[in-house]
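Take a look at the structure set out below.
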Amino acid sequence: MSRCTAPREGHRTASGAANCPVCRYKSRGYSSYPSYPSYSSYNNSYSSSGSGSSSGNYNSSKGRTQKASWSKTGSAIYYTPAEIRTLTPARKIVEQRAEKPDLRDIFLCHAWDDRKETAKELHDLLESKGVSVWFSEKDIPLGTSLLREIDKGLVKSKIGIVLVTPNFLKRVQNEGVAEKELSALLATDQLIPIVHNTTFEDLRNVSPLLGSRSGLSTSEESMEIITAKIAELVST
């Protein structure tokens, strides 16, 4: 059966329609042939279907409309102005340390109780995006000094992220290992808090110094999007 040539060749002129094996009959007054959408309809449909995959996490109502200066061409990740201000100091450190050999991208600071679940999920998501992560579960050999290995991990990582959960808040309150890790990270602009299943207000009540830092929260965006932002941040 003859098909309309509009999607391929367009019908912007009368001669274009006249040359179409379908639409030329319409121009002569016949109506028994099925109608086909115009080229513009095809084009609009394609644009609409494509916009979902290219718009990423864009959200104007939440102010998530900006690209970061370090975003790659074609990135679908958008930021609020506050997020860009938060991440810019860490980005500067990433760029400064880019030439140093054998550095991990991220040092993951977390509560020991989260190592099998939330912290492991965050670790796996980061690695799936090509981010190298220092993670206690795989990077502390049996029989070695925990604190010494943490020191080495901090030195050999570009920046640190701290996964703030209810378990983490308990550890900080009890002056556990998490507090020792934080002391080193808080001395620089290397640290980015990621708040999960709690709030920055709860964090400030436990650690005012850490709580004074801006960060990212899974109450605002999914862990998937947050890890995409971290992956962009550390890429060079």
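The values are calculated or read from the model by the stated rules, or taken from the named source; none is laboratory data. Keep in mind the model is a prediction, meaning the values are calculated, not measured. Here Cβ is always computed from backbone atoms with ideal geometry, including for glycine, and neighbour counts include all displayed protein chains. Heavy atoms of the whole protein, side chains included, go into the accessibility calculation; ligands, DNA and RNA do not. Shrake-Rupley method; radii C 1.70, N 1.55, O 1.52, S 1.80 Å.
Round to the nearest 0.05 the FRET efficiency obtained for THR236 and ASP124 when R0 = 22 Å and r is the Cβ-Cβ distance.
The computed FRET efficiency comes out at 0.50.
Identify the residues of the stretch 119-139 with backbone N under 20 Å of a label point that sits 7 angstrom from the Cα of VAL155 along the Cα-to-Cβ direction, or state none.
133-139
Estimate the FRET efficiency between THR188 and TRP112 by the formula 1/(1 + (r/R0)^6), using the beta-carbon distance for r and 35 Å for R0, to the nearest 0.05.
0.90
What does the extension gain come out to for LYS72 and ASP102, with contour length at 0.36 nm per residue minus their alpha carbon separation?
My answer for the length gained is 8.5 nm.
Check the straight Cα-Cα distances from LYS116 and name the lysines below 16 Å, setting aside those fewer than 8 residues away within the same chain.
Here the lysines satisfying the reach criterion relative to LYS116 are LYS138.
Between ASP139 and GLU175, what length in nm is gained on full extension when 0.36 nm per residue of separation is reduced by their alpha carbon distance?
Going from the current span to full extension adds 10.7 nm.
Not counting ligands, DNA or RNA, and with a 1.4 Å probe, what is TRP134's accessible surface area in Å² rounded to the nearest 10?
Solvent-accessible area, nearest 10 Å²: 20 Å².
Return one whole number: the accessible area per residue of the stretch 62-154 in Å², for a 1.4 Å probe.
Result: 54 Å² of accessible area for each residue.
Exceeding 22 Å between C-alpha atoms, which entries from my cross-link table qualify? They are LYS72/LYS152; LYS120/LYS170; LYS158/LYS229.
LYS72/LYS152
I need the peptides 108-114, 75-81 ranked by packing, meaning the mean over residues of other C-beta atoms within 10 angstrom, with the highest value on top.
My ranking of the peptides, most packed first, is 108-114, 75-81.
Whose amide H sits under 5 Å from the amide H of TRP134, counting only residues 5 or more places off or on another chain, with H placed in the peptide plane?
It is ILE106, PHE107, LEU108, by chain and number.
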